[in-house]
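Reviewing the structure listed below.
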Amino acid sequence: MKKKILYILFALCILQYAANAQSSLSAESAASEKEVKQVIQNMFQAMLQADTTSLRSCFSDKVIFQTIVNKPEGAMINTESINDFIQSIGKQLPNALDERIEFGSIQVDPLMATVWTPYTFYLKGQYSHKGINSFQLVKFKEGWKIQYLIDTRYK
């Protein structure tokens, strides 16, 4: 009888420990998700303001930018450098580039995150196109940075 009680107490301790660990992981994951979303929101705010310094701070040093273009012969992938992207944003007036996103799927690991954001893009107040952004972020010592961005564009 004493052994059964000890086993039950031991099992309850294990369950309590697991519940506490899960609660801690959930809180960490929610905080990381918030940080990841903030980096993406900062990127679009910097684009809207044509603020190249803030924009550059959102990306890793080796970020990859790609766009999937739908051609009659099939999907084609265009790759753009970080410098070309930032330079093109810097040529715009504030409020000229307005990309409105919705956060879809967000998956966060301690070092990597994946975010899916449907968007509608407005150029100088006029509808331009819509599509999907897919972000891969990495958590560096200084925080989350966008490592890979690929998007689709449809009229």
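Any read-out appearing in this document is the output of simple, stated calculations on the displayed coordinates, not a laboratory observation. Bear in mind that the values here come from a model prediction, so they are computed numbers and not experimental data. Virtual Cβ from ideal backbone geometry, glycine too; neighbours counted across all protein chains shown.
When only DSSP loop residues count, what chymotrypsin sites (Phe, Trp or Tyr not before Pro) in the range 64-155 have their Cβ near at most 16 other Cβ atoms within 10 Å? When the chymotrypsin sites (Phe, Trp or Tyr not before Pro) of the range 64-155 are filtered for loop state and at most 16 Cβ neighbours within 10 Å, 103 remain. Among the GluC sites (Glu not before Pro) in the range 55-155, those located in a DSSP loop and surrounded by at most 10 other Cβ atoms within 10 Å of their own Cβ are 73, 102, 142. Taking square-rooted eigenvalues a ≥ b ≥ c of the alpha carbon gyration tensor, is the range 32-129 rounded, prolate or oblate, where a/c under 1.5 means rounded and, failing that, a/b exceeding b/c means prolate? Judged from the Cα gyration tensor, the range 32-129 comes out rounded (a/c under 1.5).
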